[in-house]
Amino acid sequence: MKRILFFITALSVLAWGCKENAKVENEADHDHDHEHEEVKFQYTGYSESLECFAEADPFVLGEESNVLSHFSWLSNFKPVNNTRVTLKLQVNTSEVSETLEETDRPGIYSFNLKSEMAGSGKLVYEIQSGEETFRLEVPNITVYQNDEAAHEAAEKAEISGINASVFTKEQSWKIDFRTELPANEPFGQVIKTVAQVQSVPSDEITLTAKSNGMVQFVSHNLVAGKTVAAGENLFSISGNQLAVNNSAVMYAEAKNNYATSKLDYERKQELAKEKIVSEKDLLEARNKYENARIIYQNLEDNFNDRGEWVKSPANGYIRQVLVKNGEYAEPGQALATITRNRGYMLYAEIQPKYRECMKHYSDAVIRTMGSNKSYALKDLNGELMATGNSTGEGNFMVPVHLRTDASVELIPGDFVELYLKTASEENKVVVPNSALLEEQGYFFVYVQLTPELFEKREVKTGTTDGLSTEIKAGLSSHERVVTQGAMFIKLSQATGALDPHAGHVH
């Protein structure tokens, strides 16, 4: 059983909700089943796996209070469903509780508790999910003697709704949504450049001709990009029509020599049993047979009646075909290149002034230009292969080579944006780039006040590595921000729908 304490935010939204909704109070399409004049306290808490957001009536001695609780999985911010939940209100020695086995609305559990003792206490959630139980505590809960005391406490806990947008849990559950705390981590200098995707040299194999003759394609679809298997026949090289160095003649000669030497050796083996042939003659026949067999088998593996077979040495794909069908080839001539596609090499160039910075290299980020997707090199089992110690020929740039595995779809020959990151001893506030919204050159984030109330706040940005951006001002590391779905909150704000309880039924 896990024991996890809530981070408490006791909020009252009465005054804020009434003021902001005065301009829309006459609209008929706001069909809510609760009175906005009701005082509500709001509580937010997180465990390693769950987010809980609760709206509760003030606890007044002898009166029944509703506690509307929303549960989301932090892995995907989707609602908890088909889960047994128990809520307990504990004040000194008094305890009242209610257990809900299921709910009509996924993720939303509505409890009704009647306080039996006034004073300070706590709420305790017990969430049974499969064989695992999560225990979440909400301390500093007060059961008031009367309604007047409850309303006075709610007014003191009121939160300002200036520049804030309401986005209910029901809305966030329908989209790709996520909130996170900013990272507080070392964030050093970032060198931005462009890299060309290349095949890893050890993964690329060049097929060459072993004899001279006319090249014939085995299949009609022998083109760049074709997938091939190890041992698959790709070309044949025939020298049947050549007067000199005819491979077919060589193959036929080797086959005849092999057959003749085999018969001679077998004959002398029988004669040796009768002592008609000496051991010396038998040994010479055997050596002649073995030599003929080796030559024939070597040609047999690579030749047929049509000539030489050129086979793929490994699984992969054809990167380039270097000859034309029917073209004459000589021994050693390149026919095609095969790529095994086990990884990629990134070739980039940086200014010489950054060469010393590369001694503190920590990681790199790849950003594809077509799909605009970004990948951390360490997540692709990649590494820095080498940084040049001199500039390249014809320019004054320093070459940099990195390697990555084949888990990301890259195309050799294509170009990608590359962010080379260096280590730093100074911690900085960092947020994912998906949390940032840009408006006329200014950057904003949505800071979570509650899981249903978000403040739009301008921030000052610093260096970016393609995945994350340093925040120089406007945000602290303990303030939770929206990292997925921020644009939907912006659109929701534009509609002017500012009812903090929209969609809830109390």
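The values are calculated or read from the model by the stated rules, or taken from the named source; none is laboratory data. Given the structure is predicted, the values throughout are model-derived calculations rather than measurements. Don't worry about glycine lacking a Cβ; one is built from the backbone with ideal geometry, like all the others, and counts go over all protein chains shown.
The table below gives the values:
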quantity: Residue that is modelled with the highest pLDDT [pool: residues in the range 248-271 that are surrounded by fewer than 16 Cβ atoms within 10 Å (Cβ to Cβ) and among the small types (Gly, Ala, Ser)]; calculated: 259
quantity: Residue check, residue 188 surrounded by 15 or more Cβ atoms within 10 Å (Cβ to Cβ) and touching a Cys at 6+ places or on another chain (Cβ under 9 Å); calculated: yes
quantity: Complete set of residues in the range 366-397 that are surrounded by 16 or more Cβ atoms within 10 Å (Cβ to Cβ) and touching a helix residue (DSSP H, G or I) at 6+ places or on another chain (Cβ under 7 Å); calculated: 366, 387
quantity: Total residues in the range 325-365, condition buried (at least 18 other Cβ atoms within 10 Å of the Cβ), over 21 Å from residue 385 (Cβ atoms) and modelled with pLDDT of 90 or more; calculated: 3
quantity: Where a residue in the range 481-498 is of a type in the set (A, V, I, L, M) and its partner, wherever it lies, is at pLDDT below 75 and outside any strand (DSSP E or B), with Cβ under 7 Å and at least six apart; calculated: 498/20; 498/21
quantity: Within the range 77-104, tally of residues that are without any contact (Cβ under 8 Å) to a residue 40 or more places away in the chain and in a loop (DSSP other than H, G, I, E, B); calculated: 8
quantity: Residue 311 vs. criteria of a type in the set (D, E, K, R), farther than 21 Å from residue 195 by Cβ and modelled with pLDDT of 90 or more; calculated: no
quantity: In the range 210-229, residue surrounded by the fewest Cβ atoms within 10 Å (Cβ to Cβ) [restricted to those that are assigned to a loop (DSSP other than H, G, I, E, B), small (Gly, Ala, Ser) and at pLDDT below 90]; calculated: 225
quantity: Test result for residue 285, closer than 30 Å to residue 234 by Cβ, aliphatic (A, V, I, L, M), surrounded by 12 or more Cβ atoms within 10 Å (Cβ to Cβ) and without any contact (Cβ under 8 Å) to a residue 40 or more places away in the chain; calculated: no
quantity: Single match in 416, 408, 431 (criterion: within 21 Å of the chain's Cα centre (by Cα), in the same structural domain as residue 473 (by TED's automatic domain parsing) and aliphatic (A, V, I, L, M)); calculated: 431
